[in-house]
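**Q** Below is one structure. I have some questions about it.
The values are calculated or read from the model by the stated rules, or taken from the named source; none is laboratory data. All figures in this text were calculated on a predicted structure; none of them were measured in a lab. Quick reminder, even Gly has a Cβ in these numbers, built from the backbone with ideal geometry, and neighbours come from all protein chains shown.
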Amino acid sequence: MFRNYLKIAFRSILKHRFFSIVDIFGLAVSMSASLLIIVMIADQKK
């Protein structure tokens, strides 16, 4: 079942390349920004 989910996700990425690239880039930027904020807050608490 998990393999079917991966197949569907891969087909969707190939079918909608531009939107997939934008979504993945946005996810990467938001994750890095949130990690940076967490590190800054942890540094301020020391």
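**Q** For LYS45, which of the numbered conditions (1) exposed (fewer than 10 other Cβ atoms within 10 Å of the Cβ); (2) modelled with pLDDT of 95 or more fails to hold?
**A** Against the list (1) exposed (fewer than 10 other Cβ atoms within 10 Å of the Cβ); (2) modelled with pLDDT of 95 or more, LYS45 comes up short only on (2).
**Q** Check region 25-46 and report whether any residue there is touching a helix residue (DSSP H, G or I) at 6+ places or on another chain (Cβ under 9 Å) and polar (S, T, N, Q). Break it down stepwise before answering.
**A** Step one: list which residues in region 25-46 are touching a helix residue (DSSP H, G or I) at 6+ places or on another chain (Cβ under 9 Å), which gives none.
The answer is no; no qualifying residue exists.
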